[in-house]
Amino acid sequence: MAAAPRFPLLHWTTITPVLGMVLLALTWGRDLGGVLVALVALVLAATVLAAVHHAEVVALRVGEPYGSLVLAVAVTVIEVALIVTLMVSGGPEASSLARDTVFAAVMITTNGIVGIALLLGALKHGTTLFNAEGSGGALATVMMLATLTLVLPTFTTTTPGPEFSGPQLAFAAFASLGLYALFVFTQTVRHRDFFLPVDEDGVIEADEHAEAPSGKAAFASLGFLLLALIAVVGLAKIESPAIEAGVRAAGFPPSFVGVVIALLVLLPESIAAARAALRDRIQTSINLGYGSAIASIGLTIPTIALATIWLDGPLLLGLGSTQMILLLLTVLVSVLTIVPGRATRLQGGVHLLLLAAFLFLAVNP
């Protein structure tokens, strides 16, 4: 019996998180020049890639769908931390940051991650196969959460504007958290088989082709994953003034900051989903995409709702008409993609075009 792969102590994936923490300690609270901003951005990108690696090691150890859940929760921690820190220091313009970031995350996950996975999988393996039962349930959860937290605030009348009243926000927060917990229970305990890969006959396949790492290696990767996430949150906070300045200099609307945050925190998911698709594990890619969207709403909204206790200013959650149309189109396209349980490069291209439309309209509303 072959020994499990050993954990490499001196590797870029272990050195980068430590380097990120050192750079974070040296630059925290200081005004950075152009060279240091570029260095922080470079280390930040490398730390994100390291986080992807360690999350995949943990995922190999625990198997699907737990592995997808680990990465989804990890990137949501980054998202929540960035939103809260920027809302604290962002002033009135930050009142809609949570909405802009969460909606961008929904569009990127349901159209970008899923679209890339379907396109890459179809290009390499032909028709892609996945479990429509689990994927359909995940999609329904995403759309329920999105409607409850991002659409309804525009139409409620207790508080003027696209904003929940206090009791409404509390209900939305508890409902989102409860639905997220129900989904996790369904995915990992009650109907775990719904979220595993299937073959052409609908028979569930083995979780992974790669050899699982040892328990010590997985535990070490979990530690480096947490270290990398802390470094990513801190470095992204340091980089945030440069991001906001870049958005203003480019002439983009302030809401595009939320898109940049979502693109940054979902980079690990996107890379992991693309790798899984190339290995013909489309179900893993879909788990990552929809799981991230569910975690983004189900964990972010309750956290932001709790943070409003000490945050000043309104919390604008309701979408505008253009965003609602994009969300509705995403629902229709996603249903038509998921229901058959198989997809081609055409479906992948449709989702990516829908993502491109969202990005274009975010720049030119």
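The values are calculated or read from the model by the stated rules, or taken from the named source; none is laboratory data. Note that this is a predicted model, so its numbers are computed, not measured. Methodologically, a virtual Cβ is constructed for each residue, glycine included, from the backbone with ideal geometry; neighbour enumeration extends over all protein chains shown. Keep in mind that these areas ignore ligands, DNA and RNA; they rest on the heavy atoms of the full protein, side chains included. Shrake-Rupley method; radii C 1.70, N 1.55, O 1.52, S 1.80 Å.
Summary of values
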read-out: Theoretical gain in end-to-end length, Arg248 to Leu311 [0.36 nm per residue, Cα-Cα removed]; value: 20.3 nm
read-out: Accessible-area ranking of Asp31, Asp100, largest first, probe 1.4 Å; value: Asp31, Asp100
read-out: 5 angstrom amide H check on Leu316, placed H, neighbours 5+ away; value: Ser96
read-out: Apportionment of accessible area to carbon and sulfur, the chain, percent (1.4 Å); value: 71 percent
read-out: Ordering of 247-253, 114-120 by burial proxy (mean other Cβ atoms within 10 Å per residue, highest first); value: 114-120, 247-253
read-out: Gain on full stretching of the segment that runs from Lys124 to Thr157 - 0.36 nm per residue minus C-alpha separation; value: 6.8 nm
read-out: Value of [θ]222 nm, deg cm²/dmol, for the chain, DSSP H segments ≥ 4, -39500 (n - 2.57) each, nearest 500; value: -23500 deg cm²/dmol
read-out: Per-residue HN-Hα couplings for the stretch 10-20 [Karplus 6.51, -1.76, 1.60; θ = phi - 60°; Hz; x = Gly/Pro]; value: 10, 8, 4, 6, 9, 6, 4, x, 5, 4, x
read-out: Spin-label model distance (nm) - Ala25 vs Leu177, 7 Å beyond Cα toward Cβ; value: 3.4 nm
read-out: Added length on full extension, which subtracts the Cα-Cα distance from 0.36 nm per residue, Ser321 to Met144; value: 61.9 nm
read-out: Whether the chain is rounded, prolate or oblate, judged on the alpha carbon gyration tensor where a/c under 1.5 counts as rounded; value: oblate
read-out: Protection proxy ranking of 48-56, 148-156 - average other beta-carbon atoms within 10 Å, highest first; value: 48-56, 148-156
read-out: Gyration tensor verdict on the stretch 151-194 (Cα atoms; rounded if a/c is under 1.5, prolate if a/b is larger than b/c, oblate otherwise); value: prolate
read-out: Solvent exposure of the chain as accessible area per residue, Å², 1.4 Å probe; value: 44 Å²
read-out: Peptides ranked, highest mean first, by Cβ atoms within 10 Å: ranges 162-172, 74-84; value: 74-84, 162-172
